[in-house]
Amino acid sequence: MVLPCAGPMTSHASEPVAPGDDNAHFGSKEDNLRWYREMLRIRRFEESAAQAYTRGKISGFLHLYIGQEAIAVATKELLQPHDQVVAAYRTHGFAIAFGSAPGACMAELYGKATGLVGGIGGSMHFFDRKHQLWGGYAIVGNHVPVAAGHAFAAKYRGESGVTLCFLGDGAVAIGPTHEGWTLAGLWKLPIVYVVENNLYSMGTPLSRSIPVEDITLKAAGYNMARERFQVTSVAETKARLGEAMRLAREESRPVLVELITYRFRGHSMSDPGKYRDKDEVEAWRRSDPMERTMQALRRLHGISEEELEAIDEEVIAEMDEAVRFAEESPAPAPEARFHNILAES
Amino acid sequence: MALIQIRHAIRDAIAEEMARDERVFLMGEEVGHYNGAYKCSEGLLERFGERRVLDTPIAETGFAGVGIGAAMCGLRPIVEFMTFNFSAVAFDQILNNAAKIRHMTNGQFSVPIVFRGPNAAAHMLGSTHSQAFEPFYAHVPGLIVIAVATAYDAKGLLKSAIRDENPVVFLESELMYSVKGEVPEEEYLIPIGKADIKRPGKDVTVITWGQGVPVALRSAELAAAEGIDAEVIDLRTLRPMDTEAVLTSVRKTNRAVVLFHGWPYGGVGCEVIAQIQEQAFDDLDAPVLRVCYEDVPMPYAENLENLVLPTAERGLAAIRAVTYRR
């Protein structure tokens, strides 16, 4: 339930909630099969990307989403045609979930002409307008007011579209975030800000970066509604995020949502994650939404190991093909560096 | 022709474009109910309403970002900075979003937005409120930078800026908002990227823009009294620069002075001089000189400020030097 501004604090963010195994956390067999496959597609895509990075095929920064996939998958199913999603630099999952071709995504990481943005942006600057992914922003927090601008435009034109703006817990301290939230609240813009709280701002835990434990307490100061929960399943995430989007769409009410989640990999490929111990990571693995969905498929729907294996093989084949496409694609033409700097008016 | 103040030329340009195009709107601090800190938006709220003339809180990063986000959706925001000194806190939005989004998205999005407001020193405002921002913005590929010095140029160029598909930084002058100039009754546009010869001459080229223009013209008058015929070129657009206009003049006069409001180090003046020496080196009969701020933060005290600012007398001294007259 989306709470009004004031409300009690919920779970302690540094320890995972032990999710219930009751069926209410899961959807139908068809839902779970679809969600499992989509989460697996993101995970296998990123594992392929990580391998390519290790082989020196990809350079720059590569921030993996592994562990957080359920959020992108739930978001995809909530989008209506005029909605747009603005995210930061941990964005591969959104692109894959929203329908961007894995080959184009991989080619972007490879810096190839066939990439999502022609090899101009790289991992941190994914934009796929056709699939409602409006960035792709790598300066922490500077997309927060831009996303408010998308919502402003919808309201200005009287359109029904909602903007969903994802940011990390590491973007909560910086100024542009608060100026964006101020204007969203002041002008009652149809926007949902979703803080993906994966507990670490790079290597710094929340306790050393944000003065309150519950980030949604900040909503009160911006006249935003608020919602906060740990992501343990696509079903629950979809239901609760969907309610936030309904408020934004139907009442033009900005909402601040905090999703407590966990990334199993480092902040980027260069981060071995020495600031957290194995026990902590293992505890979170037990509430990994993808793993739990797989278990539900076995337990609730009687899906066999062979069937699960077959899904995985299909997904791996799809991502192998994406890698092949990226490797065989041409580099951008030399003159491409001059393109799209200014529009010809 | 009507004789109007620059502030009214700016207001009329905004009003005409808002009337013409529903996508155009104005936002900034005090632009609505207060009618603009410098009255450049006088009457616009009354005419167009709160939907299209938006007072913002003091949150430049916030409203610059909202403007960029709205522009990506196809609206055409005009964002007023009460002074460009305050654009410093929105610099990241202009540098990393407005200037980069078209490129970074491989052309999926454009950012048709105008950032406008007064630039450079006014009178006794101290170091934080007296800065010229064109070097910061003209440095950036992906931006258009315009600086205007007459009512005619302000109206014609602002209308072009609002219609342009690109992000435009539009620099005005607090000291010059009351300066009157003739403006045609009928609609006109001035193309972006074209310099204007504000005074023709044959002995020396004075390249200038914005608040430097009236100073350069007075220097030319003083020089004329000594028999030196100076040509004054107002760049009007700083990026992209009308290099051809500069070179054509320098090839004729063989001597050049760059006169502007701003610091010498790494500024637009350096770019002008680099273009001249790269492309017209053999045409030069003297080193190109700069007349601009001294390389210090602007002091408040009147006597000290006057020492730092470019003046007609300093302009004359430079003109004498490059023409080897003492």
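With the helix formula -39500 (n - 2.57) applied to DSSP H stretches of n ≥ 4, chain A reaches a computed 222 nm mean residue ellipticity of -13000 deg cm²/dmol.
Pairing chains B and A buries close to 3400 square angstrom of accessible surface in total, based on protein heavy atoms and a 1.4 angstrom probe.
Taking every residue in B:50-62 and counting other chain Cβ atoms within 10 Å of its Cβ, the average works out to 4. Given +1 at the Cβ of Lys and Arg, -1 at the Cβ of Asp and Glu and no other charges, the dipole of the protein assembly as shown around its Cα centre is 500 debye to the nearest 20.
Label zone (B:Ser178, point 7 Å along Cα-to-C-beta; backbone nitrogen cut-off 13 Å) within segment B:111-144: B:123. Remark: segment B:112-123, residue by residue, has Karplus-estimated 3J(HN,Hα) of x, 9, 10, 9, 9, x, x, 10, 6, 5, 9, 9 Hz, where x stands for each Gly or Pro and the curve is 6.51 cos²θ - 1.76 cosθ + 1.60 at θ = phi - 60°. Give me the residues in segment B:91-111 whose solvent-accessible area, probe 1.4 Å, is reduced by at least 20 Å² once all protein chains are included instead of the chain isolated. When all protein chains are present, B:Asp92, B:Gln93, B:Asn96, B:Asn97, B:Arg102, B:His103, B:Met104, B:Thr105, B:Asn106, B:Gln108, B:Phe109 each give up 20 Å² or more of accessible surface. Can you classify segment B:126-186 as rounded, prolate or oblate using the Cα gyration tensor, where a ≥ b ≥ c are the square roots of its eigenvalues, rounded means a/c under 1.5, and otherwise it's prolate if a/b beats b/c and oblate if not? Cα axes put segment B:126-186 in the oblate bin. Amide H contacts of B:Glu172: B:Gly117, B:Asn119, each under 5 Å away and 5 or more positions distant or on a separate chain (H built 1.01 Å from N in the peptide plane; Pro and chain starts excluded). For chain B, the tally of Lys pairs with Cα-Cα distances below 30 Å comes to 22, considering only residues 8 or more apart or on different chains. Expressed as a whole percent, the accessible surface of segment A:139-238 that belongs to carbon and sulfur atoms is 58, based on a 1.4 Å probe. Extent of the protein assembly as shown along its three principal axes (Cα atoms, max minus min coordinate, largest first): 99, 54, 45 Å.
Close lysine pairs were tallied over chain A: pairs 8 or more places apart or on different chains with Cα atoms under 14 Å apart number 4. Compared with the dominant Cα axis of chain B, that is its longest principal axis, helix B:268-279 is turned about 60°.
Ranked by the mean number of other Cβ atoms within 10 Å per residue, highest first, peptides B:159-167, B:182-190 order as B:159-167, B:182-190.
How would you classify segment B:1-138 from its alpha-carbon gyration tensor, with a ≥ b ≥ c the square roots of the eigenvalues: rounded for a/c under 1.5, else prolate if a/b is greater than b/c, otherwise oblate? Oblate is the answer for segment B:1-138, as a/c is 1.5 or above yet b/c matches or exceeds a/b.
With both residues required to sit in segment B:2-183, DSSP beta bridges show an antiparallel share near 15%. What the phi angles of segment A:176-188 give under the Karplus curve with 6.51, -1.76 and 1.60, with θ = phi - 60°, is a coupling list of x, 4, 6, 5, x, 5, 4, 6, 4, x, 4, 9, 6 Hz, glycine and proline written as x. Our coupling estimate for segment A:338-343, obtained by passing each phi through the Karplus curve with A = 6.51, B = -1.76, C = 1.60 and θ = phi - 60°, is 9, 7, 6, 7, 10, 6 Hz, Gly and Pro reported as x. Around the amide H of A:Leu167, modelled in the peptide plane, lie the amide H atoms of A:Val194, A:Val195, A:Glu196, all under 5 Å away and 5 or more residues distant in sequence or on another chain.
Dipole check for chain A: with +1 at the C-beta of Lys and Arg, -1 at the C-beta of Asp and Glu, and the Cα centre as origin, the magnitude is about 940 Debye.
Think of chain B as having a plus end and a minus end, set by charges on the Cβ of Lys, Arg, Asp and Glu; of B:Gln275, B:Tyr265, B:Leu75, B:Gln275 sits farthest toward the positive end of this dipole. Which is farthest toward the positive dipole end of segment B:2-183 among B:Gly142, B:Phe25, B:Val89, measuring Cα position about the Cα centre, with Cβ charges +1 (Lys, Arg) and -1 (Asp, Glu)? With unit charges placed on the Cβ atoms, the residue in question is B:Gly142.
The charge dipole of chain B, taken about its Cα centre with unit charges on the Cβ of Lys, Arg, Asp and Glu (plus for the first two, minus for the last two), comes to roughly 300 debye. Can you classify chain A as rounded, prolate or oblate using the Cα gyration tensor, where a ≥ b ≥ c are the square roots of its eigenvalues, rounded means a/c under 1.5, and otherwise it's prolate if a/b beats b/c and oblate if not? Rounded, since a/c falls under 1.5. By DSSP, the beta bridges lying fully in the protein assembly as shown are antiparallel in about 20 percent of cases.
Here's the picture: charge each Lys and Arg Cβ at +1 and each Asp and Glu Cβ at -1 in chain B, and of B:Ala256, B:Gly117, B:Gly181 the one pushed furthest to the positive end of that dipole is B:Ala256. For B:Glu231, the amide hydrogen comes within under 5 Å of the amide hydrogens of B:Gly201, B:Lys202, B:Asp203, B:Val204, B:Thr205, B:Val206, counting only partners 5 or more places away or on other chains and with H modelled in the peptide plane. The mean count of C-beta atoms from other chains within 10 Å of the C-beta of residues in A:173-180, rounded to a whole number, is 5.
The values are calculated or read from the model by the stated rules, or taken from the named source; none is laboratory data. On a predicted model such as this, the values are computed, not experimentally measured, just so you know. Glycine gets a Cβ as well: all are built from the backbone with ideal geometry, and neighbour counts include every protein chain shown. Accessible surface is based on the protein model in full, side chains and every heavy atom, while ligands, DNA and RNA are left aside. Shrake-Rupley method; radii C 1.70, N 1.55, O 1.52, S 1.80 Å.
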